[in-house]
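The values are calculated or read from the model by the stated rules, or taken from the named source; none is laboratory data. Just so we're clear, the structure is a prediction, and the values are computed from it rather than from any experiment. Backbone-built Cβ (ideal geometry, glycine too); neighbour counts: all protein chains shown. What goes into the accessible areas is simple: the full protein's heavy atoms, side chains included, and nothing from ligands, DNA or RNA. Shrake-Rupley method; radii C 1.70, N 1.55, O 1.52, S 1.80 Å.
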Amino acid sequence: MLVTCVWERSFSTVRFMTLEDMCASCFPLGDVRVRSQVGFEPEGRGSYPYLCIDFRTLHSCSESSLIPGPGFISAGPVSGRRLRRLLSFQRYLHSSRLLWGTTHLNPLHILDEDYIGQAKCMLERVGSWNFDIFLFDRLTNGNSLVTMTFHLLNQYGLLELFQLDMVKLWRFLVMVQEDYHSLNPYHNAVHAADVTQAMYCYLREPKLAKSLTSCDILLGLLAAATHDLDHPGVNQPFLIKTNHYLAKLYRNSSVLENHHWRSAVGLLRETGLFSHLPLIRLKMERQLGSLILATDISRQNEYLGKFRTHLNQDDLCLSNASHRHFILQMALKCADICNPCRPWELSKQWSEKVTQEFFHQGDIEKKHKLEVSPLCDSQRNSMGNIQIGFMTYVVEPLFAEWGRFSDTRLSQTMLGHLGLNKASWGGLVQQERPSSPDELEPSRPTDMLDTASVLKEFGTDGMVF
Ligand SMILES: [Zn+2]
């Protein structure tokens, strides 16, 4: 029994847990513990041999820079993961000046002060749809997710309201940021920071701002920050076809989203951030899960259909807690795939990053003679075609309904950018197309049609966003 075996290694007290128990359990942290303590061991779990390589190495590069130098004094054995946290925590203590406003007197940090000053200026406009998260990440020395999330929680007064311990919160956010894979071109902490910023923009929309409770806002921001936690940079079909144990654990259903949620709950418990709130802690964990699970793009039609029905019947009542929760789910879904609705300069960078991640998965699949996943073959797909298909079949339908729900200037701006960006990609695709008809391959559908048909089947395909 796969899972029992795993738990025996980690916690001898839960030897008899079965897969069914695990899935039904309200203590759903098995996968997180497994990953952090024993890593990937294909022999024990029947995974495809490729996965004996840790996911963190999927995007090449070594982590040798994390090995302590000769002056490092250790009080005992420290794992690489723990070491990363220790080092990053020191880094954040330095960058925390941004939040506390204390002056650093060391003249060597004068350049940092300048950057921090600029980052502070940016935070004054954190509600702007043109917010450049890439610049913000550079100005915060790669700490955009921690800095952004802490700032927003603080701005809403949620630390005082929920009596959150600042040290625990800081530690939690640092661990969240660290658990995103910085080597993933797309699914990394900058994407999470971008989604958190977009979520903040939606929370400020009049309909939401006047009806959401503090608890809704806290959950919305935390869900945005953690929604792709520990993303391996490959999609669910890849995990399924390589017999990865996470796919088995979650029965091939919302595998990644379940893992992101459990990872988030694992860090909440490890840091004890909500330990002083015993009456609502479990409910908050469950609601966090419900929000994160809604980002599974293969369930897009289900959520969109429900949203459309509510809008047609005009029966959304935001004084009703379940309706507010549904709107938070839709807001998070929009925030997660809002890249095509950003100004072109930002949107194009995201397109390049996601395409790079797709094609990297395709290269791995080819290398290991696995069937190449849709959109992941760099020879059959182009960035422009992928983007046009994604916008047409996924983004436009969602944002059209969001615009009906929240008919504001922001919604008009987003839809405006979406139209312009799609036209820009269309122009680029035209330019790339061979000029002579003789150069076209007559027996194969064009990439555009191929991509569109794949994206049209999103409902059953299980994409990676
Ligand atoms: Zn995401």
Surrounding charge for residue 321, neighbours by C-beta under 14 angstrom, Lys/Arg +1, Asp/Glu -1, total +2
Computed over all unlike Cα pairs, the Kirkwood hydrodynamic radius of the range 134-253 in Å stands at 15.6 Å
With every protein chain in place, the accessible area of residue 401 for a 1.4 Å probe, in Å² rounded to the nearest 10, comes to 20 Å²
The simple spin-label model distance between residue 243 and residue 431, using points 7 Å out along Cα→Cβ, in nm, is 4.8 nm
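Hey, could you get me the Stokes-Einstein D for the range 210-298, Kirkwood radius over alpha-carbon pairs, 10 °C and 1.306 mPa s, rounded to whole µm² s⁻¹? Please report the intermediate quantities before stating the final value.
Numbers: Rh = 13.9 Å.
Approximately 114 µm²/s, per Stokes-Einstein.
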SASA check, residue 282, accessible area w/ 1.4 Å probe, all protein chains in place, rounded to nearest 10 Å², comes out at 80 Å²
The percentage of the accessible area of the range 94-339 (probe 1.4 Å, all protein chains present) made up of carbon and sulfur atoms, to the nearest whole number, is 54 percent
Computed over all unlike Cα pairs, the Kirkwood hydrodynamic radius of the range 345-414 in Å stands at 13.8 Å
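Which links in 241/422; 207/306; 306/369; 283/306 stretch past 29 Å when you go from one Cα to the other? Show your work: numbers first, answer last.
Values: 241/422 33 Å; 207/306 19 Å; 306/369 40 Å; 283/306 23 Å.
Check vs 29 Å cut-off fails for 241/422; 306/369.
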Once all protein chains are kept in place, residue 319 shows an accessible area at probe 1.4 Å, nearest 10 Å², of 100 Å²
Rounded to 0.05, the calculated FRET efficiency for the beta carbons of residue 323 and residue 356 at R₀ = 35 Å is 0.35
To the nearest 20 debye, the range 94-339 has a Cα-centred charge dipole, built from +1 on Lys and Arg Cβ and -1 on Asp and Glu Cβ, of 680 debye
All alpha-carbon distances of the range 94-339, grouped into 5 Å bins from 0, give the whole-percent distribution 1, 6, 13, 17, 19, 17, 13, 8, 4, 2, 1, 0, 0
log10 I(q)/I(0) for the range 279-340, Debye formula on C-alpha points only (no solvent), q = 0.15, 0.24, 0.27 Å⁻¹, two decimals, reads -0.50, -1.09, -1.22
1/(1 + (r/R0)^6) with r = Cβ-Cβ of residue 213 and residue 378, R0 = 35 Å, i.e. FRET efficiency to nearest 0.05, evaluates to 0.15
FRET efficiency (residue 276, residue 392; Cβ distance; R0 41 Å; to 0.05) is 0.30
Place a point 7 Å from the Cα of residue 252 in the direction of its beta carbon; the residues of the range 360-374 whose amide N falls under 18 Å from it are 370-374
